[in-house]
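All remarks here apply to the structure that follows.
The numbers here are math on the coordinates, done by the rules we state, and not lab data. In this text the structure is predicted, and so the values were computed from the model without any measurement. Backbone-built Cβ (ideal geometry, glycine too); neighbour counts: all protein chains shown.
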Ligand SMILES: NC(=O)c1ccc[n+]([C@@H]2O[C@H](COP(=O)([O-])OP(=O)(O)OC[C@H]3O[C@@H](n4cnc5c(N)ncnc54)[C@H](O)[C@@H]3O)[C@@H](O)[C@H]2O)c1
């Protein structure tokens with residue numbers, strides 16, 4: 001998709017972080033924007049800020065974990081702008097903890113958003129994009145975590161591995177079926193966003209695992225690991241824009257990913273054991289002296 005001016009982008013999780021940065025960068029290209037998010041106040045603020053910059057933007061309250069909500073998003077997008085050219089399945093949440101300790105609700109919540117959110121987006125929008133018959137693009141936000149099952153981050157890493165795999169399958173399918181719909185998968189490392197506060201949008205009434213120290217907001221999604229170490233979300237948005245224009249599948253940024261891939265391929269081609277990597281706070285039992 002070379003010329004994006006006047007085209008329509010739908011961005012889930014568009015009220016914060018990477019999604020909002022994409023909206024800003026796509027808006028500057030002249031794209032019309034549908035911002036979909038589960039958090040009404042953030043949605044209102046982000047749409048107002050985008051409009052204040054002169055962009056055409058509408059906000060649609062959406063829960064990507066519910067198919068009916070994503071179908072309603074598709075209807076609202078077509079009602080607002082008549083067409084959709086870019087779908088960004090970007091909404092995502094994170095939690096940390098050892099697999100055997102986290103609750104089933106922890107797992108369900110992360111999968112409902114990170115895995116089912118992408119499936120729902122594809123099911124609701126891709127038939128419409130194909131039917132429209134114009135160049136279009138699906139962007140799925142995965143992660144460098146897609147390539148690596150880090151300790152104490154398993155719901156996140158495994159759901160992001162699925163996001164990568166789904167994107168690879170979709171890419172082949174849309175070419176093999178002779179459509180005009182391209183696919184990119186965004187695989188950032190650490191980015192400065194609000195993801196360490198994912199709990200703010202957790203469904204009411206479900207049961208997080210109940211270790212008081214781990215559940216301290218300072219620890220709950222590995223936030224210390226993020227502090228001051230992430231790249232600006234705008235870098236990811238600009239890399240995504242270039243990939244869409246050039247019809248490139250993988251969106252990486254910076255050079256951290258190349259080190260990771262080299263280390264991983266060394267491990268795999270040698271069938272070596274993986275390095276021990278953990279994500280959560282250092283609250284593990286110490287070995288006896
Ligand atoms: N921040 C990072 O370091 C990083 C790295 C790699 C990948 N990612 C991915 O980037 C994407 C965006 O996350 P971010 O880092 O910008 O975090 P963020 O918390 O700043 O933004 C995520 C947005 O998703 C929304 N959201 C949460 N649950 C939702 C739901 N059920 N339905 C609709 N919207 C929902 C939130 O309200 C929020 O606006 C996620 O998929 C995340 O996994 C982030």
Pull out the extension gain between residue 130 and residue 282, defined as 0.36 nm times the separation in residues minus the alpha carbon to alpha carbon distance; nm, one decimal.
49.8 nm
Which residues in the stretch 150-169 have a backbone N closer than 16 Å to a point placed 7 Å from the Cα of residue 100 along the Cα-to-Cβ line?
151-154
Bins of 10 Å, beginning at zero and ending with the bin holding the largest distance: percent of Cα pairs per bin for the stretch 1-156, please.
11, 40, 32, 13, 3
Over the stretch 15-88, what is the relative contact order in whole percent, taking alpha-carbon pairs under 8 Å and six or more residues apart?
27
Could you tell me how many degrees, from 0 to 90 and to the nearest 10, lie between the Cα long axis of helix 40-52 and the main elongation axis, the longest principal axis, of the Cα atoms of the chain?
50
Please give the helix 154-176 orientation as an angle from the longest Cα principal axis of the chain, in degrees from 0 to 90, rounded to the nearest 10.
30
Enter the angle in degrees (range 0 to 90, nearest 10) between the Cα long axis of helix 233-246 and the first principal axis of the Cα atoms of the chain, meaning the one along which they spread out most.
50
Evaluated over the stretch 8-269, the Cα radius of gyration and Dmax, each in Å:
17.7, 53
Note on the chain: contact order normalised by length, alpha-carbon pairs under 8 Å, 6 or more apart, percent, works out to 20
